[in-house]
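One structure is given here, and the rest of the page talks about it.
Just so it is clear, none of the values below were taken in a lab; they were calculated from the coordinates. Just so we're clear, the structure is a prediction, and the values are computed from it rather than from any experiment. Here the Cβ is made from the backbone with ideal geometry for all residues, glycine too, and neighbour counts use every protein chain on show.
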Ligand code: 13P
């Protein structure tokens, strides 16, 4: 059985005060029982990671970074390495989030280097994939997701794949209030799981967690997670409200 996973991507939101306040509210929310049955992680902006980690200390909620760079150290102005993130207590990192692909311009090859470096350094990557609206309309969803999964995981052996979580985030559903229906999500998740089965083996396909992201909220969380291949949610906007995020965690228990 795959353990459900609820992740909160705070994106470029909060400040020094509100990030810690949000973390405090989550830590004191009733998620302790959930912590044993659900993996919960939040992804604050880099500069608040340490303070948020401290506020969550002793709770069952862990922290992750929204991005990472693949080089170990050196002249890479503005970048943050895997070991720096490990150093401050990060367990996870997002790789290839749609905003990094489509706003910043990251390509699959770079994303693959980040996924690989994360695993090699002991950080658990969440590889984000998903199609644009025009790609869905042109019936290219499977093709796009296949390319992003195959190129994102290129060169990873069975053992390394075991460290990976995949997040399916259709770009048209992110921040738009338009959620994929549970059936639409299930269709793509099932497709991705079968793809992993072809690329690796059936055991790894059954073990890998595949999260859905895109306008997930308390009102649709349970329906989405009731789908066989939807193992949890990567939540954006609703993860900035403690009550909403706690309700989504509860829906995963
Ligand atoms: P929203 O939940 O705000 O649509 O964002 C989804 C997302 O991009 C999470 O990574």
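A few notes on this one:
- Rounded, prolate or oblate (a/c below 1.5 giving rounded, otherwise prolate when a/b exceeds b/c) for region 172-253 by Cα gyration tensor: prolate
- Pairs of Cα atoms nearer than 8 Å and 6+ residues apart set the relative contact order; for region 70-196 it is 25 percent.
- Under a Gaussian network description of the chain, with springs only between Cα atoms under 10 Å, the residue in 214, 64, 105 that fluctuates furthest is 105.
- Gyration tensor (alpha-carbon) shape descriptor, the chain, a/c threshold 1.5: rounded
- Length gained on full extension, residue 163 to residue 102: 19.4 nm, using 0.36 nm per residue less the C-alpha separation.
- Relative contact order (%) - criterion: Cα under 8 Å, at least six apart; region: region 1-136: 20
- Comparing 169, 159, 106 in a Gaussian network model of the chain where C-alpha atoms under 10 Å apart are linked, the largest mean-square fluctuation is found at 159.
- Estimated 222 nm signal from helices in the chain, with DSSP H stretches of n ≥ 4 weighted -39500 (n - 2.57), rounded to 500: -12500 deg cm²/dmol
- Debye intensity ratio I(q)/I(0), log10, region 103-253, q values 0.14, 0.15 Å⁻¹ (C-alpha model): -0.67, -0.78
- Cα centroid of region 71-92 to Cα centroid of region 147-189, whole Å: 24
- Average Cα contact separation per residue, the chain, under 8 Å, 6 or more apart, as relative contact order %: 22
- Estimated inter-spin distance, residue 2 and residue 75, nm [label 7 Å along Cα→Cβ]: 4.4
- Convex hull projection area averaged over all views, region 1-118, Cα basis, nm²: 8.1
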